[in-house]
């Protein structure tokens, strides 16, 4: 399926509210991504991406047929981690398993390595999120380790995984 990564614009707010309001998505993300996901949540997120710009991050809408059906970003770290960026993403459920996210990950990582003085991009999916782990593996990320009992989601304790892609 064809998609483009676009800079965020306020016209995407209703799309983000529509596609983001999904418990299956929220269950696989940090608690900062709520469920239910409201128009107010989408408005805050889109405006925050616009305001922060591209100085310390690259955050893009995943757009299919003119609709923002997901989000992807690489966020620069600081201090001793300043040569690393953290990758985060989500995609509307009706677009899962179509290859969009793997291609989007490759595209944003390439742009991030070109734009920023970093040597490593990492992601930390929950260990039970096999779909996200598969995306990372297909995008040439390597599993560096499993962090035992490292996250608390819905008052349950889970492992998370650290995947990384190194600059060539």
(message) Looking only at strands (runs of 3 or more DSSP E) that lie completely in region 38-133, which have at least 3 residues being at pLDDT 95 or above and touching a helix residue (DSSP H, G or I) at 6+ places or on another chain (Cβ under 8 Å)?
(response) 57-64, 67-76, 84-91
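Among the residues of region 14-33 satisfying the criterion of being more than 15 Å from the chain's Cα centre (by Cα) and under 18 Å from residue 126 (Cβ atoms), which is surrounded by the most Cβ atoms within 10 Å (Cβ to Cβ)? Give the steps one after another, and end with the answer.
Just the residues of region 14-33 that are more than 15 Å from the chain's Cα centre (by Cα), to begin with: 14-15, 17-18, 21-23.
This time we only want the ones that are under 18 Å from residue 126 (Cβ atoms), so: 22-23.
Values: 22: 18, 23: 11.
Across region 14-33, the extreme among qualifying residues is 22.
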(request) Determine the pairs where a residue that is at positive phi and in contact (Cβ under 8 Å) with a residue 12 or more places away in the chain, located within region 129-156, has a partner that is assigned to a helix (DSSP H, G or I) and surrounded by 13 or more Cβ atoms within 10 Å (Cβ to Cβ) with Cβ atoms under 8 Å apart, the partner being 6 or more residues away or on another chain. (result) 140/106
(request) Select from region 1-13 the residues that are surrounded by 13 or more Cβ atoms within 10 Å (Cβ to Cβ) and within 16 Å of the chain's Cα centre (by Cα) and list them in ascending order. (result) 3, 5, 6, 7, 8
(request) Inspect all residues belonging to region 42-59 and state whether any of them is within 19 Å of residue 125 (Cβ to Cβ) and crowded, with 20+ Cβ neighbours inside 10 Å. (result) yes
(request) Name the single residue, out of those in region 1-26 being in a loop (DSSP other than H, G, I, E, B) and closer than 24 Å to residue 106 by Cα, that is modelled with the lowest pLDDT. (result) 1
(request) Just give me the residues in region 61-81 being free of Cβ contacts under 8 Å to residues at least 12 places away in the same chain and touching a strand residue (DSSP E or B) at 6+ places or on another chain (Cβ under 8 Å), in sequence order. (result) 77
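The values are calculated or read from the model by the stated rules, or taken from the named source; none is laboratory data. Please read these numbers as outputs of a predicted model, since none were measured by experiment. Methodologically, a virtual Cβ is constructed for each residue, glycine included, from the backbone with ideal geometry; neighbour enumeration extends over all protein chains shown.
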